[in-house]
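What follows is a single structure, written as structure tokens, with notes after it.
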Amino acid sequence: MNINSDLERFMEYINTQNISESTKKNYVNMVDSFLKFVEGNVTSENVRKWLSKIKENYKSTAWRQYFVPLRAFLQRFYPLIYSEVVEDLKVPYKKADYEMINYLDFWKLYEEAEKMAKHGNEKYVLLVGLAGILGLKSGDIVKLKGTDIRGNYLYVSDENYEVEIVPPIDKWLKKYEGKDEYLISTGDGEAVKPSYLALMLRGLQKKVDISLKRPLSVEILRNVAVARQVIAQPSLPYVMDLFKYSSTKTIEDIARYITESGDLRTILSIEVVDEMEPVLEFFNKLSIPVRKIENAYIVSRTAYIKRGDKFSRLNTLFVVRNLDGWQEYIEKLGYEVKRKPNDNFFIFLAGKLRVAFLELDDI
């Protein structure tokens, strides 16, 4: 098999995968480099020679960008060789030091940015919303124009995909729909550089009392958008595809942060049952894991509660840290909270939906 035919096969395959155009380009370039190095002769020995070259010339933090595309190529077209070198293709695990902020801190930032927008400076609320609510990268944000807003969607041309515009950023974005101007621009209407966005966020951070080890950045805000989806969607691969990641590693780190430090930890729907034993017996027969939280039994994102027990009249249960902070925020949104002294929960109505916020150390 010559270099060109191998590369063409890989390009055809990669075009069927749900990954961004920039990631596809990287995959093709990496495999092309490998095939040229081995002169089209794909053998276990040659793969190991290539890997040795990468390890000798690059730090381990850069190995992933070479190894992952090669892994995809071999697994698809040379499965026997892949089975021989799979251990060599593993990248040493190093936990990413993802800087995150809690939901309550994010909403402090958004609230401050919205105050500025109401006084005529809309750049900040657009930036915080695009990064922290819609999850866009800085390179995409600086290129966006009003012409990229199409109904309820924002078209990201470089990555060739659409992002649904959701509240509360929708009301600010819709003002620009159809206008041939950058959403965030210089004084003379030109596009800004990503470094300008970083300066904007550092200025905003000074206005808001939040604790961060690093300066506030688009990446940190984007992690908030990813965390929202991790909370809402049990499927990590779904979240990976939504944000065009090539693996679930980032998603896993963010999920770990939510477990260890996040102030909004999970959202549970309530299913009331007359008898708990048949329910538990059913899940046990299927070997489906069941967790117990106080008097509720949790399977996936559903809490099964016996009729008449605590929380059995609820529809939805939020498990959080910093209950006082959440109560203050929910009341600021206009909801009337019911909470007795020393209770580790509060309840309120959202229309006919009965909601509780419960503070727990372990879940």
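Students often get this wrong, so try it: which of (1) 41, 21, 18; (2) 54, 26, 15; (3) 41, 31, 18 is semi-axes √(5λ) of the Cα gyration tensor in Å as calculated from the structure shown?
(3)
Using only DSSP helix segments of four residues or longer, with each worth -39500 (n - 2.57), what per-residue ellipticity at 222 nm results for the chain after dividing by its residue count and rounding to 500?
Values: 15 runs with 170 residues, N = 363.
About -14500 deg cm²/dmol.
Compute the distance from the alpha-carbon center of the stretch 290-337 to that of the stretch 20-94, in whole Å.
So the two Cα centres are separated by 47 Å.
Using Cα pairs closer than 8 Å and at least 6 residues apart in sequence, work out the relative contact order for the stretch 238-310, in percent.
Details: 62 pairs, mean separation 20.5, N = 73.
Once normalised by length, the contact order is 28 percent.
Relative to the longest principal Cα axis of the chain, at what angle does helix 44-57 sit, 0 to 90 degrees, rounded to 10?
Computed tilt is about 70 degrees.
For the Cα atoms of the chain, what angle does the longest principal axis make with the long axis of helix 249-260, in degrees from 0 to 90, nearest 10?
30 degrees
Taking a 1.4 Å probe, which of 253, 324 shows the most accessible area, and what order do the others take after it?
Values: 253 10, 324 100 Å².
Correct descending sequence by accessible area is 324, 253.
Does the stretch 182-262 classify as rounded, prolate or oblate by the C-alpha gyration tensor (a ≥ b ≥ c root eigenvalues; a/c under 1.5 gives rounded; else a/b over b/c gives prolate, otherwise oblate)?
Working: a/c = 2.98, a/b = 1.58, b/c = 1.89.
Here the stretch 182-262 falls in the oblate category.
Can you tell me how the stretch 3-89 classifies by the Cα gyration tensor, rounded, prolate or oblate, using a/c under 1.5 as the rounded cut? Can you show the working numbers first?
Working: a/c = 1.56, a/b = 1.21, b/c = 1.29.
Oblate.
Could you work out the relative contact order of the chain? I mean the mean sequence separation of Cα pairs under 8 Å and 6+ apart, divided by the number of residues, in percent. Could the numbers behind the result be given before it?
Numbers: 496 pairs, mean separation 44.9, N = 363.
Over the chain, the number comes to 12 percent.
Tell me the per residue accessible area of the chain using a 1.4 Å probe; a whole number in Å² is fine. Write down the numbers at each step before the final one.
Numbers: 19550 Å² over 363 residues.
That works out to 54 Å² per residue.
Roughly how tilted is helix 276-285, in degrees to the nearest 10 and between 0 and 90, from the longest Cα axis of the chain?
10 degrees
Let me know the charge dipole size of the chain about its Cα centre in debye, to the nearest 20, where only the beta-carbon of Lys, Arg (+1) and Asp, Glu (-1) is charged. Please report the intermediate quantities before stating the final value.
Working: 54 positive and 52 negative charges, 85 e Å.
In debye, rounded to 20, the chain gives about 400.
When DSSP beta bridges are limited to those with both residues in the stretch 294-363, what percentage is antiparallel, rounded to the nearest 5? Please list the in-between numbers first.
Details: 10 of 15 bridges.
Approximately 65 percent, going by the DSSP bridge assignments.
Give the ranking of 63, 326, 107 by solvent-accessible surface, highest area first, calculated with a 1.4 Å probe. Before the final figure, lay out each step's value.
Details: 63 35, 326 15, 107 55 Å².
Ranked from most to least accessible, the order is 107, 63, 326.
The values are calculated or read from the model by the stated rules, or taken from the named source; none is laboratory data. This structure is a prediction, so every number in the text was calculated from the model and none was measured. So basically every Cβ, Gly included, is an ideal-geometry build from the backbone, and we count neighbours across all protein chains shown. For the accessible areas, the whole protein counts, side chains as well, though only heavy atoms, and no ligand, DNA or RNA atoms are used. Shrake-Rupley method; radii C 1.70, N 1.55, O 1.52, S 1.80 Å.
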